[in-house]
Amino acid sequence: MTQRSLKLGAVLLGVGGPGQHNTWLSPEIPGNASVDIRWYIARAQEAEAAKFDHVFIVDSQFITPDSPNHYLNRLEPLTLLSAVAVHTSHIGLVGTLTTSYNDPYNLARRLASLDLISGGRAGWNVVATGDGGTAGNYGRDEHYDYATRYGRALEHVRVAQVLWDSYEDDAFPRDKERGVFFDRSRQHALNHVGEHFSVVGPLNIERSPQGQPVIFQAGDSEEGRDLGASIADAIFTHAQTIEQGQAFRRDLRSRAAAKGRDPEQVLIVPGISLIIADTDEQAREKERQVLGSKSFDRALAELGRPFGWHDFSQYDLDAPFPELGDLGDRSFKTQAEKIKKLARDNDYTLRQVVEHQLQQHRSPFVGSPVTVANEIQRWYEAGAFDGINISITVPSEFARFTDQVLPILRERGVVRSEYEATTLRGNLGLPIPENVHTAARNAAPAPASDAGRPAPALVP
Ligand SMILES: Cc1cc2nc3c(=O)[nH]c(=O)nc-3n(C[C@H](O)[C@H](O)[C@H](O)COP(=O)(O)O)c2cc1C
């Protein structure tokens with residue numbers, strides 16, 4: 001495999017995600033950015049011009065009046081990415097879709113459609129839904145517990161992957177002279193009956209030039225890490241320090257190796273925030289302004305999200321952090337537990353916890369273009385990540401990265417100068433998965449017709 005470069009992803013957050021409540025006030029951001037397809041297309045084209053690997057669309061399906069501005073009113077990921085696909089040619093298109101409130105057949109079909117529309121550039125960020133309230137939008141009283149959530153997720157992805165192999169690559173001769181449209185020996189049903197899903201198949205769409213969409217995954221619990229190690233080509237995470245990044249990457253790579261996978265084919269791609277100015281001092285001043293403009297009340301409201309949007313305004317701010325029992329266990333459990341532990345270990349009041357959360361948004365990537373380039377290179381070379389996801393909100397801030405930081409990294413050979421391929425797999429340096437039916441035939445010479453051959457078992 002050729003030497004990989006640092007992978008670059010752009011998270012398109014329109015009018016601003018968590019902790020970005022004032023972002024939409026920028027004169028550069030139209031008030032309707034999150035629902036204006038032209039905004040997404042323009043940002044994706046800028047990222048493509050800078051040779052980014054992918055744009056990344058986060059998503060959720062439960063909101064309250066306290067939700068971040070972008071979450072309140074935004075486009076559905078695959079719909080918007082299909083439109084972006086026809087205005088771009090090389091950049092990957094990664095959409096977040098939950099395995100908790102989708103069925104594999106429908107989801108595999110929609111992703112395969114995006115993969116064909118884009119010529120092999122689709123990616124799926126597999127999530128199990130952190131917002132417990134989503135249950136109420138899908139006829140359930142309660143969100144699934146963790147074991148069910150992650151059990152569904154693993155089975156869901158495995159089923160989707162076999163559905164994507166319903167047709168072998170030579171299934172459609174489309175030979176008009178001979179009148180042969182399709183070779184029925186190359187179509188395969190699934191007949192899957194599992195713990196969470198029953199799917200007969202086959203899927204009614206062929207494979208794209210990259211074979212199957214790239215699997216991204218996000219989830220930080222034991223169960224989440226195990227899922228990522230089992231199925232993910234790339235893992236979306238957060239890292240506050242270089243040591244945390246190294247530890248996470250080591251952990252995921254060794255989990256993947258223990259499952260018989262090549263760790264080189266599991267890329268760790270955390271989201272990082274950047275503050276870039278002409279000098280380090282100006283960048284630090286900019287950071288002080290950004291942090292200073294964050295509202296305590298907003299942060300207090302957002303503290304509720306990991307706990308199923310629990311209302312923390314009901315408590316005395318200066319009393320010890322409230323006893324919450326198992327609240328959060330069916331939402332963002334890992335985050336909720338971290339917050340409870342922080343309060344317990346430090347005897348924090350509620351106010352101190354909120355203040356700590358506000359400070360937590362400090363980024364290690366603050367400074368002049370050279371400082372930021374040095375820091376990114378240092379983390380990358382120390383094995384803290386294989387790539388980075390950067391939020392795009394204010395276009396001129398993004399341009400500082402593409403026009404001032406990337407040329408330095410390009411000069412040093414850390415990032416690419418040109419795309420290597422037109423598919424997302426090709427650009428990420430990931431192999432095209434061989435169709436399981438073709439592989440089975442190649443491994444053991446098949447009889448004259450393989451009709452009736454049992455479908456390959458799902459790999460656990
Ligand atoms: C970096 C990161 C990004 C995530 N993005 C999303 C998202 O866009 N939509 C979503 O529903 N859940 C998202 N999740 C939530 C996970 O899918 C999961 O349900 C949640 O984190 C709780 O699981 P955990 O305790 O394993 O982290 C994200 C999690 C992480 C760590």
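The values are calculated or read from the model by the stated rules, or taken from the named source; none is laboratory data. This is a predicted model, so every value here is computed, not measured. Cβ sites come from the backbone with ideal geometry, for glycine too, and all protein chains shown count toward neighbours. For the accessible areas, the whole protein counts, side chains as well, though only heavy atoms, and no ligand, DNA or RNA atoms are used. Shrake-Rupley method; radii C 1.70, N 1.55, O 1.52, S 1.80 Å.
Compared with the dominant principal axis of the Cα atoms in the chain, helix 350-360 is inclined by about 60°.
For the chain, the longest principal axis of the alpha carbon atoms and the long axis of helix 242-258 meet at an angle near 20°.
Only helices enter the 222 nm calculation for the chain: every DSSP H run of n ≥ 4 contributes -39,500 (n - 2.57), and dividing by all residues gives -11000 deg cm²/dmol, rounded to 500. What is the log10 of I(q)/I(0) for the chain, computed with the Debye formula using one identical point scatterer on each Cα and no solvent, at q = 0.10 Å⁻¹? Rounded to two decimals, the profile gives -0.76.
Determine the distance separating the Cα centre of region 109-140 from the Cα centre of region 182-213; give it in Å without decimals. If we compute the Cα centre of each part, the gap is 18 Å. The Cα center of region 269-329 and the Cα center of region 24-79 differ in position by 21 Å.
Largest first, the residues L72, L111 sort by 1.4 Å accessible area into L72, L111. Cross-link pairs exceeding 30 Å in C-alpha to C-alpha distance, out of K51/K259; K7/K286; K51/K176; K286/K333; K7/K341, comprise K51/K259; K51/K176; K286/K333; K7/K341.
Determine, at each q value in 0.12, 0.14, 0.19 (inverse angstroms), the log₁₀ of I(q)/I(0) that the Debye formula gives when each Cα of region 105-240 is one equal point scatterer. Debye output, listed in q order: -0.56, -0.73, -1.16. With the largest listed first and rounded to whole Å, the semi-axes of the equivalent ellipsoid of region 145-216 from the Cα gyration tensor are 31, 14, 6. Packing around the peptides 80-87, 397-404, taken as the average count of other Cβ atoms within 10 Å per residue, puts them in this order, highest first: 80-87, 397-404.
Extents of region 316-360, largest first, come to 27, 22, 17 Å (Cα atoms, principal axes, whole angstrom).
Taking region 10-116 on its own, what percent of its Cα-Cα pair distances exceed 24 Å?
On the way: 1419 of 5671 pairs.
Of all Cα-Cα pairs in region 10-116, 25 percent lie more than 24 Å apart.
What the chain shows is 44 Å² of accessible area per residue, with the surface traced by a 1.4 Å probe over protein heavy atoms.
Using the Cα atoms of region 259-377 to build a convex hull, what is its mean projected area in square nanometres?
Working: hull surface 41.5 nm².
With every direction weighted equally, the projected area is 10.4 nm².
Helix 37-49 axis versus longest C-alpha principal axis of the chain: approximately 80°, rounded to the nearest ten.
How much of the DSSP bridge set in the chain is antiparallel, in percent, rounded to the nearest 5?
Among the beta bridges of the chain, antiparallel pairing accounts for roughly 10 percent.
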